[in-house]
Amino acid sequence: MSDPESSIVQFANVGLRYGTDREVLSDISFTLYPGSFYFLTGASGAGKTSMLKLLYLAQRPSRGIISMFGEDVITLPRNCLPGVRRRIGVVFQDFRLVPHLSTFDNVALPLRISGMSEERLQKPVADMLEWVGLDHRSEARPETLSGGEQQRAAIARAVIARPEILVADEPTGNVDPEMAVKLLRLFEALNRLGTTVVVATHDVHLLRKVPDSLIMRLDKGKLSDPTGALRYPPKRDLPKRDLPSRDVPQRELPRK
Amino acid sequence: MSTPSPIRRGAPRFGDSARLLQQARIAGPMPWVIAIMIALTVMAAAAGLALNNIAGSARDEIAGGITVQIVEGAPIERDRQAERAVSYFSNREDVASVRRVPDEELSALLAPWLGDVGAAEDDGVPIPALVDVRLSGPVTAQRLRNMRDELLAQAPAARIDAQASWLGPVFDAVRSLQFLAIGLIALLALTSAAAVWLAARSALGSNRETIEVIHHLGGTDGQIAGIFQRSIAWDAALGGAAGLLLGLAAVFMLGQQFAGLGSGLVAGGGLGPLDWLAIAAIPVIGIVLAVITARLTVIAALRRMI
């Protein structure tokens, strides 16, 4: 694997199979760098969701090595994995908002998991809801939110704890084109603050909306590299930004 | 058993992990199942403790007691041998007390079965003389054999028996009942644990998606298990309190019934302060058992996730 010092994620010869079926991912090797914006593309069934599951530690690979934040997460003791997961924000394809919790409580979930006091979390959550335009729906239950609102609540939940990596699975799949662009702007704003963003999408038109993005393409479980995203040294200079402090006050976040 | 979600909004918050997801206690059958289990356990424990007390007090009462019967048809010879027996025991240092049971007392004891004993004896039914002896220390077989040998030399019609031997079968029966009570308590504990296990698994199944989300957001097994533990602890506390009250009511009513019997044996079965303390501890033990079972069940299920 190349340059483990500066990378945030490294996959080396990773393969994944479910049960005794054939591999859905084969020989996947790549390196993700801090502060970059990646699109993961491919046709339906190409293995995008499986790869994202590996990225947010919902699945163990059948073979290969995965290193995140300098740790080999395959051999990492199970009780250390929650600490790694807290550094990763996930936007699920189906949002997975907790149905019995309000929008506020859903967004506050990662902060509560990390043990933040109720007093301290009130303002960041309120600011985040304002940022994604859901401040007026903070007490609403997920079933009363529109698809776009649910999407934004899911994104707010994914980024509220200021993760170092944001993984989003088809985040624009259920929204209209205008909302899709808005959501991408949110991801870009986060990326400008130093978060590494990985967005899985099969919508090729979306790729052009983020000019600085790098593209990884999956085809039948194999990874290709049309923009040199996986090459080291990278094809072009990566953005030079400082990683955000976990204590960055929420008022410094860009407004919608 | 259908188990409503333990993960609901609007319930009290306890500790750090409770803030992950607000919860309400599990409604539905769980508190009632626990209440019935605790009530049955309280009754079984009270019965076991009462039997233990009955056996203990009877044992104390007859420890060191022996009965000497002079089975002699001729009244004069019977009296003579009885006097010799009283004299023999009075002269021994290991005898705490010796008393010849008066003929009137004997007649009164036998009257329910033989009618007027004086008249019966006149008709040729001999009534043995009885000597009640209390030894200092327990009656061992060797001790009894030595005394029998010595006494027969002076009173050939004497028959000597340890009082404890008469009640041996009763003690055996009491001991069997005690084992039965212990077995019942163990079975009830197992059944309660199984009910909690089923409830926890059912709750895990119905909340699987939410648990996965918490897991992916970095929630620890301990935090997730904590939600279920508190839920089940609250149920067990409610069920335990209700079960204790039900059980105590039943024990009190049964106690009144037995007290009405007026039997000397049953009178020794009253429950002491330590017994009541043990009974009061049953719901607490039930809560601990339920919480441990819920935790182990949830942790075991979570271990299957990476």
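Here, each number is a calculation from the coordinates, and none is a lab measurement. Please read these numbers as outputs of a predicted model, since none were measured by experiment. All Cβ positions, even for glycine, are placed from backbone atoms using ideal geometry, and neighbour counts span all protein chains on display.
Quick look at the numbers
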| read-out | value |
| --- | --- |
| C-alpha center-to-center spacing [region A:155-169, region A:106-154] in angstrom | 13 Å |
| Ranking of B:F171, B:F252 by count of other Cβ atoms within 10 Å, fewest first | B:F252, B:F171 |
| Average Cα contact separation per residue, chain A, under 8 Å, 6 or more apart, as relative contact order % | 28 percent |
| Residues B:V174, B:V131, A:V204, sorted so that the one with the fewest Cβ neighbours within 10 Å comes first | A:V204, B:V174, B:V131 |
| Within region A:9-252: Cβ-based charge dipole about Cα centre, in debye rounded to nearest 20 (Lys, Arg +1; Asp, Glu -1) | 600 debye |
| Other-chain or far-sequence residues with amide H under 5 Å of A:V24's (modelled H) | A:L16, A:R17, A:Y18 |
| Amide H contacts of B:L135 (H built 1.01 Å from N, under 5 Å, at least 5 apart or other chain) | B:G65, B:I66, B:A96 |
| Peptide-level mean, for B:207-216, of C-beta atoms on other protein chains within 10 Å | 5 |
| Full-extension gain in nm, B:D132 to B:A111, via 0.36 nm per residue minus C-alpha separation | 5.6 nm |
| Average other protein chain Cβ within 10 Å of Cβ, residues B:218-227 | 4 |
| Longest exposed-site-free window of chain A, the sites being GluC sites (Glu not before Pro) in a DSSP loop that have at most 13 other C-beta atoms within 10 Å | A:6-138 |
| Rounded Å value of the spacing that divides the Cα centres of region B:189-231 and region A:192-219 | 37 Å |
| Taking B:W234, B:W166 and counting other C-beta atoms within 10 Å, the order from fewest to most | B:W166, B:W234 |
| Pairs of Lys in region A:9-252 closer than 22 Å at Cα, counting only those 8 or more apart or on different chains | 9 |
| Tail beyond 22 Å, pair distance distribution of region B:64-137 (Cα, percent) | 27 percent |
| Loop-exposed chymotrypsin sites (Phe, Trp or Tyr not before Pro) per DSSP, neighbour cap 16 Cβ within 10 angstrom, longest uninterrupted part of chain A | A:70-256 |
| Cβ-based charge dipole, region A:9-252, positive-most Cα from A:A46, A:G64, A:V210 | A:G64 |
| Positive-end residue of A:P110, A:T172, A:V14, charge dipole of chain A with Cβ unit charges | A:V14 |
| Inverse mean reciprocal Cα-Cα distance (Kirkwood Rh) of chain A, Å | 18.6 Å |
